[in-house]
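Report on one structure; see the data block that follows.
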Amino acid sequence: MKIGVSYGTATLMGFNHSKCDCFPTTAYLIIGKKCNNSCAFCSRGSGQAETKLSRISWPEYESDEISDKIAELYKENKLKRVCFQTVCEKDTVNNLKELIKEIKSKSPIQVSCSIGTISINDLKEIFDSGADRISIPMDCVSESLFEKIKKKSFKRHLDFLEKAGETFKGKITTHVIVGLGEKKEEVFDFLLKMKKCNIEVGLFAFTPIPHSEMAHCKSPDRKAYREIQLVHWLIKKGYGDVLELKEGNISQIKNKIYDILEKTNDKTEIFMTTGCKGCNRPYYNERPGQIPYNYPYKPTEEEIQKAIEEAFS
Ligand code: SF4
């Protein structure tokens, strides 16, 4: 079977000779082409372009060649995880289970997948085939915008995510795209809810993609993104109770946050890529050379200080 491989993953695997300053630590793969859904921020929806996901292109290779490469790179400690992105098609779940089995037959590497709402039984079968985490992307956390952007029911989607979190404790991830028009406080409320449900959150910055309905919209302001990263980190560290945030304004609790930061020896995680362990997603939301929304490597002390200043600017 042929599968799509992110351009950066293909570079790491030696399938092209592009230069790369920061390699992925997860092999990002994609199954399917034309999605049955039609999310406004994505170009894979019905009748739109089928070659990209976010700003990334996904050349195709035979799965046995890919699973051999994964086993080799895992042994060399160059890959920590495999993550399947899935496009919603008729055979997606069956193909995904087969491919996970194939990879796990050659290597003990951890495997995640990101898949739209399906059924608890399908999730169980995907776990049984060898996945250790599954992401059910929420993407848009604003109830009023969700139906317009994802063309689905917000409540049904959130209920399913919470049910999955309860059924498969500590094994569910979700994705949040910042910059779809939501309010900051909607993001903060959602992050608090996910912490209570023991669901990991991978933060993404909205990236306008040609041929998508939102191609004309702008990427989020980096200050707002830094604020959300800082709050996300505080919530993950168990400081959710200090966040009495009115209208999403963190400058009201600036002193409290500085007290916490002063007591923290290692601040590298705050602005790094979040989600499953071992996932760094380099250049997913920005071009090489741009200051990253999510640092795919441990940022320097100077980069961390700048990011904190940006959050409070
Ligand atoms: S956080 Fe990373 S590894 Fe986990 S599902 Fe999302 S993209 Fe995949």
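Bear in mind that the values in this text are calculations on the coordinates, not laboratory data. Predicted model only: the values in this text are computed from it and were never measured. Here Cβ is always computed from backbone atoms with ideal geometry, including for glycine, and neighbour counts include all displayed protein chains.
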Quick calc: nm separation of the 7 Å Cα→Cβ label points for Asn265 and Ser313 -> 3.1 nm
Note, Pro24: beta-carbon cut-off 11 Å, +1 each Lys/Arg, -1 each Asp/Glu, net +4
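Write out the trypsin sites (Lys or Arg not before Pro) in segment 114-148 meeting two conditions: DSSP loop, and at most 11 other Cβ atoms within 10 Å of their Cβ.
When the trypsin sites (Lys or Arg not before Pro) of segment 114-148 are filtered for loop state and at most 11 Cβ neighbours within 10 Å, nothing remains.
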In whole Å, largest first, the alpha carbons of segment 27-127 cover along the principal axes 40, 32, 20
Tilt, helix 154-167 to longest principal axis of the chain (alpha-carbon atoms), in degrees rounded to tens, equals 80 degrees
Within the set Lys19, Lys78, Lys151, GNM on the chain using Cα springs under 10 Å gives the largest fluctuation to Lys19
Per the helix-only model, the chain has a calculated mean residue ellipticity at 222 nm (DSSP H runs of ≥4, -39500 (n - 2.57) each, divided over all residues, rounded to the nearest 500) of -11500 deg cm²/dmol
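Normalising by the residue count of segment 213-313, find the relative contact order in percent from Cα pairs under 8 Å and 6+ residues apart.
Computed over segment 213-313, the figure is 37 percent.
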Given backbone amide H placed at 1.01 Å from N, residues whose amide H is under 5 Å from that of Tyr28, ignoring those fewer than 5 places away on the same chain, are Ser6, Thr9, Cys83
Sites removed, the longest contiguous part of the chain containing no DSSP-loop GluC sites (Glu not before Pro) with at most 11 other Cβ within 10 Å is 77-243
Ranked by GNM mean-square fluctuation in the chain (Cα springs under 10 Å), the top entry among Gln229, Gln252, Gln85 is Gln252
On each of the three principal axes the extent of the alpha-carbon atoms of the chain, given in whole Å and largest first, is 55, 41, 39
Computed over segment 51-92, the convex hull of the Cα set has an average projected area, in nm², of 3.9 nm²
Total charge of the residues flanking Glu269 in space, meaning their Cβ is under 11 Å from its Cβ, with Lys and Arg +1 and Asp and Glu -1, is +3
Here the relative contact order (percent) of the chain, from C-alpha pairs under 8 Å and at least 6 apart, is 17 percent
